[in-house]
Amino acid sequence: MTAPRQAAEEAVYRFPHRHLLGIEGLSPEHISFLLDLADSYVEQNRKPDKKTDLLRGRTVINLFFETSTRTSSSFELAGKRLGGDVMNMSVSQSAIKKGETLIDTAMTLNAMHPDVLVVRHPDAGAVKLLSEKVNCSVINAGDGMHEHPTQALLDALTIRRRRGRIEGLTVAICGDILHSRVARSNIHLLTTMGAAVRVVAPPTLMPCAVERFGIEVTHDMEDGLRDCDIVMMLRLQNERMQGMFVPSTREYFRFFGLTREKLAVAKPDALVMHPGPMNRGVEIDSELADDIDRSVIREQVEMGVAVRMACLDALTREQTGNAD
Ligand code: CP
């Protein structure tokens, strides 16, 4: 048994939640527990035989009301590698297209006795509402502009494996902060774990009063990136924008796109991250995104499977005793 796995096994009662709806409210111990457990799955996923029977007899349903490549496929792989039965609901082929409500859809699936529902929805709060109507565990795979907890966990795992810690690091989160659930979940996680967070965005893409989260706010990339350990770039969330938030993508790249020149003020070994999908040449220089000496974007995808295995494991193994 690996050391992180042993630590996670010994700490099994330290994740007393029935659902994973957000990072806000999770304690440092709960977050560390999930990261320790995920660490053990990274090792398992690198072996030829990746499968366990931990979820044998359990059913996971993926219910995505928005498009996804990384999150949906990694939850599917995670469930299958743990030996569970995984069903991917195709919303475009479902009765939702005939006018069925979110709650009626959830109640219909609930009647089939799933153990975990993984839900992505365009409206903030929709996943929590759904969790109040079903008997099984619910994992938020992204709800509107609110939270994307498993993304923040996989980002944290990537950072922790590369740097050995999260506490004491300076992380610059740059780009469309206003529309980003990834930014919100990461702000909660990183500040809870003792990192210093800076957010960098043009004024039109910065939420009001974001300082209340105990973070630094700047509209200048050079200020934001100076001496930081981690540069986390965000996608322009065009699907959530009504009207123009930036004059043009060309001008946005000039002032807020990450290039080697802008990165030069960060620490010499600063890591570059992006949750994906990325718009090359808009948020990040294409060649820098592929530079394996600086960019950990592909590693983030690998960590995604391990983190989702950890979340499914943690929520199902103590399902009867979990509190909320
Ligand atoms: N980062 C992320 O959530 O990607 P997908 O939209 O592909 O799931």
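Can you give me the relative contact order of the stretch 184-244 as a percent, contacts being Cα pairs under 8 Å and 6 or more apart? Write down the numbers at each step before the final one.
Values: 39 pairs, mean separation 16.3, N = 61.
RCO, the stretch 184-244: 27 percent.
Test of understanding: given the chain, find the longest segment containing no trypsin sites (Lys or Arg not before Pro) that are in a DSSP loop and have at most 13 other Cβ atoms within 10 Å.
The longest such stretch corresponds to 166-324.
Can you check what the net charge comes to around residue 82, using other residues whose Cβ is under 9 Å from the Cβ of residue 82 (Lys, Arg +1; Asp, Glu -1)?
Working: positive: 51, 56, 58, 80, 81; negative: 53, 313.
Cβ neighbours under 9 Å give a net charge of +3.
May I ask you to list the aspartates and glutamates whose Cα is less than 19 Å away from that of residue 97, ignoring any residue fewer than eight positions away on the same chain?
66, 123
Measure nothing fancy, just the Cα-based angle from helix 149-163's long axis to the longest principal axis of the chain, in degrees from 0 to 90, nearest 10.
60 degrees
With every protein chain left in place, what is the accessible area per residue of the chain in square angstrom, probe 1.4 Å?
Values: 14090 Å² over 324 residues.
That works out to 43 Å² for each residue.
Testing the spin-label approximation: label points 7 Å from Cα along Cα→Cβ at residue 100 and residue 191. State their distance in nm.
For the pair residue 100/residue 191, the computed spacing is 4.0 nm.
Among all the aspartates and glutamates, which ones have a C-alpha under 20 Å from residue 50's C-alpha, if same-chain residues fewer than 8 places away are not counted?
Residue 50 reaches 9, 36, 39, 76, 85, 299, 302, 313.
At 1.4 Å probe size, with the rest of the protein present, what percent of the exposed accessible area of the chain is carbon and sulfur atoms? Walk me through the numbers before you get to the answer.
Working: 7090 of 14090 Å².
Result for the chain: 50 percent of the exposed heavy-atom area is carbon or sulfur.
Taking the alpha-carbon distance from residue 133 and a cut-off under 15 Å, which aspartates and glutamates remain once sequence neighbours fewer than 8 residues away in the same chain are dropped?
104, 115, 324
Extending each Cα 7 Å along its Cβ direction at residue 85 and residue 161, get the distance between those two points in nm, one decimal.
Placing both labels 7 Å beyond Cα along the Cβ direction yields 3.2 nm.
The values are calculated or read from the model by the stated rules, or taken from the named source; none is laboratory data. Please read all numbers here as calculations on a predicted model, not as lab measurements. Quick reminder, even Gly has a Cβ in these numbers, built from the backbone with ideal geometry, and neighbours come from all protein chains shown. Side chains included, ligands, DNA and RNA excluded: accessible areas come from the protein's heavy atoms. Shrake-Rupley method; radii C 1.70, N 1.55, O 1.52, S 1.80 Å.
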